[in-house]
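Q: Input: one structure, supplied below.
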Amino acid sequence: MANESKSIKKWNFKKANEELAQASATTIRGYVTMLLENLDKDDVRAAIPLSHGDPSAFPCFRTTSVAEDAVAKAVRSAKFNGYSPSDGIPPARIAVAEYLSKDLPEKLSPDDIYLTVGCNQAIEIILTVLARPNANILLPRPGFPYYEARAAFSNLEVRHFNLCPETGWEVDLDEVEALADENTVAIVVINPGNPCGNVYTYDHLKKVAETARKLGILLIADEVYDHLVFGSNPFVPMGVFGSITPIITLGSISKRWLVPGWRLGWFVTNDPNGILREQGIVDCIKGFLNISSDPATFIQVAQILGDTKEDFFLEKLKTLKLTADICYSKIKEIPCIICPSKPEGSMFVMVKLNLSLLDDIKDDVDFCVKLAKEESVMILPGIGVGLKNWLRVTFAIEPSSLEEGLERVKAFCGRHAKK
Ligand SMILES: *Cc1c(COP(=O)(O)O)cnc(C)c1O
C-alpha cells in the first residue's frame, strides 16, 4: 500500500495542472467569468455583454424557423434516436459538401467532410492529431485562445506570428517564414477574423497558401464566420487554393445560423491532389473520431444547410452591418480608444487603449474590471486574445443595447480621463 501511494505522488499532477489551469483561465470563457464576478450586483441597470460572441439571446439575432422546424421534425420522427456514425450521418455530410462546394472550383466529396461537436471539436481533432514530440504550430496574434489552450493540453509548442493593424490585420508572412523550422507542422488562419473583424482579399489568401506550400506545412483555415462579411471584400474560402497546398477547413453552423448551442461543426479536407490521404493524416483523423464523441444525431439535419433561404442571411447581415457601423462611430467619439480599421466581417473589432489619456487605469484588464464594476458593461481585455492594452468589442447585440453600452464606456472614460 505504502509503495503505491508513493508512486502516485511521483506523477506530480499539481505542476502539470497549474500549467493547464493557466491555459484554460486565459481563454475567453476564463476572462468572461472574471468580468461576471466583478459586476456590481446593486446596479439596477441591465448588464451589457460586449465581451463574447453569442448573439442568440437577442431577438434580432434569432435563427431561422427553417432550422428550428427541421430539428423539431427530426426529433418527432423517431429516426434520429440512434448513435451517429463517427464521421456524421451521410445526408448531413452530403449537405455540408454541397454547401461548401458552392464557393469552390472543384466539388468536395461527402468523404471530405467529418461532422464535429461545433468548430471547437474540429480544432481539438486537428491539434491532437498534429501533436508529437518537438512539434510546433504557428498561430495568429491576436487570435482565438482556444487554440493555445488545446495546444497546451496536447504539449504542442505554439509560435505566434503577428497580424498587422496597419494593413487590415494581414498576416506578416516574412515573420511566418522566420518562425517556421523543420518541426513546424501547421499554420492557422482565421478568416473572417475573430478578434479583428477583418476580411482577407483573394490575393492575400493566395500568398498565405503559397507560403504554406513553400514551408511544407499544413494550412488550417478557421472559417467559422464564413459569409459573415459586410464591407468591401467578399468572403473567399481558403479551399479555393487547395491545388496549391492541401487545406483543412474548420467551420460550424454556430455563427452564420446563430445557434452556437446546437454544437454542429465540421472538419473538411480540401485536397484535390490527395496529399493528406497519402501522408496518413486522414487515417489519424478517422482514428481520433472513433474514440471521441459525435454531435447529437437529431442535430445533423441536412435541411438546416439545404433549405435556409438567402433572405435570412441577408437580413442578419444587414443587422450586423448596422451594429458594426454603430460600434465604429460611437468608438470614434471616445478619445482614449483608437480603432485602426473598421470591422468588415465576423462580430468583433479590436481597438487600442491610449492609457496615457487615463488617470488611474493600469492596463486593459484593470480597465475592463473597473468598467464592469462601475458601468455594468463587459468588454474583453485584449490580453485575452494576445494583445495587451487592447480591447475586443463584440457588436453582435441588440442595436439599442450596443448604443447604451458604448455611451456608458464613454462616460467611464470621461470620468477616468486625465484632468
Ligand atoms: C466561435 C469560434 C469557434 C468555435 O465555434 P463553435 O462552433 O462554437 O465550436 C472557433 N473559432 C473561432 C475563431 C470562433 O470565433
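Q: With every protein chain left in place and a probe of 1.4 Å, what is the accessible surface of Lys418, to the nearest 10 Å²?
A: 110 Å²
Q: If you don't mind, another one. Loop-only check: which trypsin sites (Lys or Arg not before Pro) in region 15-90 are DSSP coil with at most 13 other Cβ within 10 angstrom? Write out the running numbers ahead of the final one.
A: Numbers: sites: Lys15, Arg29, Lys41, Arg45, Arg62, Lys73, Arg76, Lys79; in loops: Lys41, Arg45, Arg62, Lys79.
Here the sparse-neighbourhood loop sites are Lys41, Arg45, Lys79.
Q: If you filter region 288-394 for GluC sites (Glu not before Pro), then keep DSSP loop positions with at most 15 other Cβ within 10 Å, what is left? Mind dumping the intermediate values first?
A: Numbers: sites: Glu310, Glu315, Glu333, Glu344, Glu374, Glu375; in loops: Glu333, Glu344.
Qualifying residues, ordered by number: Glu333.
Q: Using a 1.4 Å probe and ignoring any ligands, DNA or RNA, find the accessible area of His204 and quote it in Å² to the nearest 10.
A: 10 Å²
Q: Can you classify region 272-368 as rounded, prolate or oblate using the Cα gyration tensor, where a ≥ b ≥ c are the square roots of its eigenvalues, rounded means a/c under 1.5, and otherwise it's prolate if a/b beats b/c and oblate if not? Show your work: numbers first, answer last.
A: Values: a/c = 2.82, a/b = 1.75, b/c = 1.61.
Taking the square roots of the gyration eigenvalues as a ≥ b ≥ c, region 272-368 is prolate.
Q: Which of the lysines could a cross-linker span from Lys410 if the Cα-Cα distance has to be under 23 Å and same-chain partners fewer than 8 positions apart are dropped?
A: Within the straight-line limit of under 23 Å, Lys410 reaches these lysines: Lys41, Lys321, Lys330, Lys332, Lys342, Lys352, Lys362, Lys370, Lys373, Lys388, Lys418, Lys419.
Q: Any idea how far apart Asn38 and Asn273 come out in nm if each label point goes 7 Å out from Cα toward Cβ?
A: Between Asn38 and Asn273, the simple spin-label model gives 4.9 nm.
Q: Considering only DSSP beta bridges where both residues belong to the chain, give the percentage that are antiparallel (nearest 5).
A: Details: 23 of 44 bridges.
Of the beta bridges lying entirely in the chain, close to 50 percent run antiparallel.
Q: In addition: What's the longest piece of the chain with no exposed chymotrypsin sites (Phe, Trp or Tyr not before Pro), counting a site as exposed if DSSP puts it in a loop and it has at most 15 other beta carbons within 10 Å?
A: Between exposed loop sites, the widest span is 84-419.
Q: Continuing with the same structure: Run through every distinct alpha carbon pair of region 330-419 and return the Kirkwood hydrodynamic radius in angstroms, one decimal place. Walk me through the numbers before you get to the answer.
A: Details: mean 1/r = 0.0763 Å⁻¹.
For region 330-419, the Kirkwood estimate is 13.1 Å.
Q: Among Tyr146, Ser109, Asn81, whose Cα projects farthest towards the positive end of the dipole of region 79-167, with charges put on the beta-carbon of Lys, Arg (+1) and Asp, Glu (-1)?
A: Of the candidates, Asn81 comes out farthest on the positive side.
Q: Which whole-percent values make up P(r) of region 164-203 when all C-alpha to C-alpha distances are grouped in 10 Å steps starting at zero?
A: In order of increasing distance, the bins hold 24, 52, 24, 1 percent.
Q: Under a point spin-label approximation (7 Å from Cα along Cα-to-Cβ), what is the His227-Asp307 distance to one decimal in nm?
A: With each label placed 7 Å out from Cα toward Cβ, I get 1.6 nm.
Q: Where the accessible area of the chain is counted over protein heavy atoms with a 1.4 Å probe, how much of it, in %, is carbon and sulfur? Intermediate results must be reported in sequence, preceding the final value.
A: Numbers: 10050 of 18910 Å².
Within the chain, the accessible surface is 53 percent carbon and sulfur.
Q: Same structure again: With the other protein chains left in place, how much accessible area per residue, in square angstrom, belongs to the chain at a 1.4 angstrom probe?
A: Here the per-residue accessible area is 45 Å².
Q: In nm, what is the difference between 0.36 nm times the number of residues separating Phe153 and Ala25 and their Cα-Cα distance?
A: Numbers: separation 128, 0.36 × 128 = 46.08 nm, distance 1.29 nm.
Separation in residues times 0.36 nm, less the Cα-Cα distance, equals 44.8 nm.
Q: How high is the FRET efficiency from Leu317 to Leu104, r the C-beta distance, R0 35 Å, rounded to 0.05?
A: Numbers: r = 21 Å, r/R0 = 0.61.
Result of the calculation: an efficiency of 0.95.
Q: Can you compute the modelled spin-label distance between Ala47 and Ala78, with each label point 7 Å from Cα toward Cβ, in nm?
A: Result for the modelled spin labels: 4.4 nm.
Q: Let me ask another. Which whole-number percentage describes the relative contact order of the chain, with Cα contacts under 8 Å and a sequence gap of 6 or more? Display every interim value, and only then the final one.
A: Working: 792 pairs, mean separation 97.9, N = 419.
Computed value for the chain: 23 percent relative contact order.
Q: Okay, moving on. How would region 40-164 be classified by its alpha-carbon gyration tensor: rounded, prolate or oblate, with rounded meaning a/c under 1.5 and the a/b versus b/c comparison settling the rest?
A: Values: a/c = 1.87, a/b = 1.06, b/c = 1.76.
Because a/c hits 1.5 or more and a/b fails to exceed b/c, region 40-164 counts as oblate.
Q: What are the DSSP H helices in the chain that stretch 30 Å or more along their long axis, judged by alpha-carbon atoms, and whose average Kyte-Doolittle hydropathy comes to at least -1.0?
A: Details: long enough: 310-332 (33 Å, -0.13).
Answer set is 310-332.
Q: If you project the alpha carbons of the chain onto their three principal axes, what span does each projection cover, largest first, in Å?
A: Principal extents (Cα only, largest first): 66, 63, 51 Å.
Q: Under 37 °C and 0.692 mPa s, how fast does region 366-419 diffuse according to Stokes-Einstein, given a Kirkwood radius computed over C-alpha pairs? Answer in µm²/s, whole number. Don't jump to the answer; show the numbers that get you there.
A: Details: Rh = 11.8 Å.
D, rounded to a whole number, is 279 µm²/s.
Q: A further question follows. At a probe radius of 1.4 Å, what is the per-residue accessible area of Met350, in Å² to the nearest 10?
A: Taking all protein chains as shown, Met350 has close to 0 Å².
Q: Another question, then. I need the P(r) histogram for region 65-301: all alpha carbon pairs, bin width 5 Å from 0 out to the longest distance, whole percents.
A: 1, 6, 14, 19, 20, 17, 12, 6, 3, 1, 0, 0
The values are calculated or read from the model by the stated rules, or taken from the named source; none is laboratory data. In this text the structure is predicted, and so the values were computed from the model without any measurement. Neighbour counts are summed over all protein chains in view; Cβ atoms, including those assigned to glycine, are modelled from backbone coordinates with ideal geometry. Side chains included, ligands, DNA and RNA excluded: accessible areas come from the protein's heavy atoms. Shrake-Rupley method; radii C 1.70, N 1.55, O 1.52, S 1.80 Å.
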